[in-house]
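Peer 1: My questions all concern the structure below.
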Amino acid sequence: MRPADLMLRKQDGLPIAMLTAWDALSAWVVAEAGADAVLVGDSLAMTVLGHGTTLPVTLDEMVHHCQASGRGLEAWRLEQLRQGLHRPVPLLICDLPFLSYQCGADEALAAAGRVLKEAPAAGVKLEGAEPETLAVIDRMVRIGIPVLGHLGLTPQSVHQLGYRRQARDPVAQERLRRQAERLEAAGCFGLVLEHVPTELARALSLDLRIPVIGIGAGDGCDGQVRVTADLLGLTSRQPPFSPPLLDGRGLAVDALRGWISAQRPARPATRPAAPAAPHC
């Protein structure tokens with residue numbers, strides 16, 4: 001899959017399914033499940049690295065996890081070939097972490113270039129649509145780096161916005177609409193809309209030529225993206241718009257507890273009596 005293939009899916013009215021991955025195992029699983037795109041999201045800062053927000057994750061760490069996810073997709077591709085199958089390999093996209101693209105176009109370009117040169121990602125994702133960000137996106141696109149936009153709840157702005165729903169009033173909705181149009185004009189191949197009203201997301205999906213991929217934005221979008229660890233119930237808590245599909249933590253703990261118990265056979269209740277000492 002390439003970024004342009006997501007545009008074609010929208011034109012053909014085919015929904016887009018995107019899931020996150022953080023290593024070779026998770027990437028293999030989501031590819032086998034049939035995802036159209038795999039996002040190495042900076043959410044791994046919380047789901048994998050144990051941070052409280054996405055802010056601490058570094059560019060080096062994102063590249064490292066993207067490389068591992070890419071190896072998982074390659075292993076999946078080779079397995080398909082061995083079975084005589086020809087399913088398309090999901091599009092691999094990597095988040096650019098906080099302060100890797102907000103400190104000037106040159107640094108942003110170098111960060112995105114690292115992701116594409118050192119990992120097999122075919123695109124990067126950036127949050128926001130401030131003038132500085134739009135300038136960065138325009139420059140990236142002009143030199144051939146595909147960019148996925150992200151509006152609404154932007155986790156890298158957690159200290160400013162929190163985790164509450166965004167664009168709840170008409171003024172904020174009009175501002176987000178203009179931002180979305182500017183991201184499309186700057187050359188983004190798609191747009192993630194997070195935790196915004198359903199009606200707004202549906203309207204933007206109809207108005208924009210690029211695919212709108214929702215998360216907590218209702219079912220009127222061109223596609224959906226979810227954090228895989230949330231869906232599998234591996235995280236301690238999930239956002240309200242992404243309930244777990246199974247109790248992954250509980251299932252894993254029960255299975256491993258059973259194995260550990262099997263390694264520890266029950267001891268006899270009493271010690272056997274020691275043999276009597278021989279009489280001289």
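Coordinate-derived values only; no laboratory data. In this text, all values refer to a predicted model and were calculated from it rather than measured experimentally. Cβ sites come from the backbone with ideal geometry, for glycine too, and all protein chains shown count toward neighbours.
Peer 1: When the chain is fully extended, how far beyond the present Cα-Cα distance does LEU161 get from LEU85, taking 0.36 nm per residue of separation? Mind showing how you got there, number by number?
Peer 2: On the way: separation 76, 0.36 × 76 = 27.36 nm, distance 4.55 nm.
Contour length minus the Cα-Cα distance gives 22.8 nm.
Peer 1: Name the residue, out of VAL196, VAL171, VAL48, whose mean-square fluctuation peaks in a Gaussian network model built on the chain with Cα pairs under 10 Å.
Peer 2: Ranking VAL196, VAL171, VAL48 by mean-square fluctuation puts VAL171 first.
Peer 1: On a 0 to 90 degree scale, rounded to 10, what angle separates helix 131-142 from the longest Cα axis of the chain?
Peer 2: Orientation of helix 131-142: about 90 degrees from the principal axis.
Peer 1: Work out how much length VAL253 to ARG267 would gain on full extension: take 0.36 nm times their residue separation and subtract the Cα-Cα distance, in nm to one decimal.
Peer 2: 2.7 nm
Peer 1: Let a ≥ b ≥ c be the square roots of the eigenvalues of the Cα gyration tensor of segment 43-164; is it rounded (a/c under 1.5), or, if not, prolate (a/b larger than b/c) or oblate?
Peer 2: prolate
Peer 1: Next question. Give the angle, between 0 and 90 degrees and rounded to the nearest 10, that separates the Cα long axis of helix 198-207 from the longest principal axis of the Cα atoms of the chain.
Peer 2: Helix 198-207 sits at roughly 50 degrees to that axis.
Peer 1: Apply the Karplus curve 6.51 cos²θ - 1.76 cosθ + 1.60, θ = phi - 60°, to the phi angles in segment 35-47 and return the couplings in whole Hz, x for Gly and Pro.
Peer 2: 4, 7, 9, 10, 9, 7, x, 6, 4, 4, 4, 8, 6
Peer 1: Right, next: For ARG2 and ALA185, compute 0.36 nm times the residue count separating them, minus their Cα-Cα distance, and round to one decimal in nm. Mind dumping the intermediate values first?
Peer 2: On the way: separation 183, 0.36 × 183 = 65.88 nm, distance 1.96 nm.
Difference between extended and current length: 63.9 nm.
Peer 1: What residue among GLY250, GLY233, GLY152 shows peak mean-square fluctuation when the chain is described by a Gaussian network model with Cα springs under 10 Å?
Peer 2: The residue that fluctuates most here is GLY250.
Peer 1: If you bin every alpha carbon distance in the chain into 10 Å steps from zero, what whole percent lands in each bin?
Peer 2: Histogramming the chain at 10 Å steps yields 6, 27, 34, 17, 5, 3, 3, 2, 1, 1, 0 percent.
Peer 1: Kindly express, to the nearest 10 degrees and within the range 0 to 90, the angle between helix 170-186's C-alpha long axis and the longest C-alpha principal axis of the chain.
Peer 2: Long axis of 170-186 versus the principal axis of the chain: about 80 degrees.
Peer 1: Report, in deg cm²/dmol and to the nearest 500, the calculated mean residue ellipticity at 222 nm for the chain, where each DSSP H run with n ≥ 4 adds -39500 (n - 2.57) and the sum is divided by the residue count.
Peer 2: It lands at -13500 deg cm²/dmol.
Peer 1: So for the pair ALA172, VAL141, with labels modelled 7 Å out along Cα→Cβ, what separation do we get in nm?
Peer 2: 2.6
Peer 1: While we're here: Build a GNM of the chain with springs between Cα atoms under 10 Å: which of LEU92, LEU126, LEU134 gets the top mean-square fluctuation?
Peer 2: Most flexible of the set in this elastic network: LEU134.
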